[in-house]
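Asks: If you scroll down you'll find the structure; I have some questions about it.
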Amino acid sequence: MNRILVILTIDTDTLPPDFPEILQREREVVAQWKKEGILEQLFLRPTRNGAVLLFKDIDEQQATELMTTLPFYPLRKSIEILPLIKDQEI
């Protein structure tokens with residue numbers, strides 16, 4: 001089972017006035033991914049400027065496409081998408 005790690009950083013210096021509504025829509029999208037079984041875990045960053053998402057059973061291109069659908073996507077400062085390979089010996 002493959003995994004894709006995505007590190008999302010948003011630009012907190014230019015948050016729009018409707019940020020609470022955007023956050024709510026973001027949570028709905030992520031909850032749907034979790035329900036569909038493509039998101040294994042979401043971790044919030046302690047700096048409150050982004051999140052780390054762990055996808056499963058999708059490829060890097062699919063992860064890239066999914067990230068563009070997030071309500072936070074227009075607020076992004078950066079997105080890192082890292083395909084992971086499980087060490088079979090551990």
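Asks: So, in the range 52-90, exactly how many residues are over 19 Å from Arg3 (Cβ atoms), surrounded by 12 or more Cβ atoms within 10 Å (Cβ to Cβ) and in contact (Cβ under 8 Å) with a residue 24 or more places away in the chain?
Replies: First pass over the range 52-90, keeping only residues over 19 Å from Arg3 (Cβ atoms): 68-69, 71-78.
If we keep only those that are surrounded by 12 or more Cβ atoms within 10 Å (Cβ to Cβ) as well, we get 71-73, 75-77.
Imposing the further condition that a residue be in contact (Cβ under 8 Å) with a residue 24 or more places away in the chain reduces the set to 71-72, 75-77.
Number satisfying all stated conditions: 5.
Asks: May I pose another question? Considering only the range 25-79, state which residues are of a type in the set (Val, Ile, Thr) and not in a loop (DSSP other than H, G, I, E, B).
Replies: Pass one, the range 25-79, residues of a type in the set (Val, Ile, Thr): 29-30, 38, 47, 52, 58, 64, 68-69, 79.
If the condition is that a residue be of a type in the set (Val, Ile, Thr) and not in a loop (DSSP other than H, G, I, E, B), then Val29, Val30, Val52, Thr64, Ile79 are the ones that fit.
Asks: Quick one: how many residues across the range 1-51 are within 26 Å of Leu84 (Cβ to Cβ), touching a residue at least 40 places away in the same chain (Cβ under 8 Å) and surrounded by fewer than 11 Cβ atoms within 10 Å (Cβ to Cβ)?
Replies: Going through the range 1-51 one residue at a time, the tally reaches 1.
Asks: Then there is this: If you scan the range 32-90, which residues turn out to be among the basic types (Lys, Arg) and on the phi > 0 side of the Ramachandran plot?
Replies: First, the residues of the range 32-90 that are among the basic types (Lys, Arg): 34-35, 45, 48, 56, 76-77, 86.
Result: Arg48, single match.
The numbers here are math on the coordinates, done by the rules we state, and not lab data. Predicted, not measured: the structure shown is a model, and the values here were computed from it. Virtual Cβ from ideal backbone geometry, glycine too; neighbours counted across all protein chains shown.
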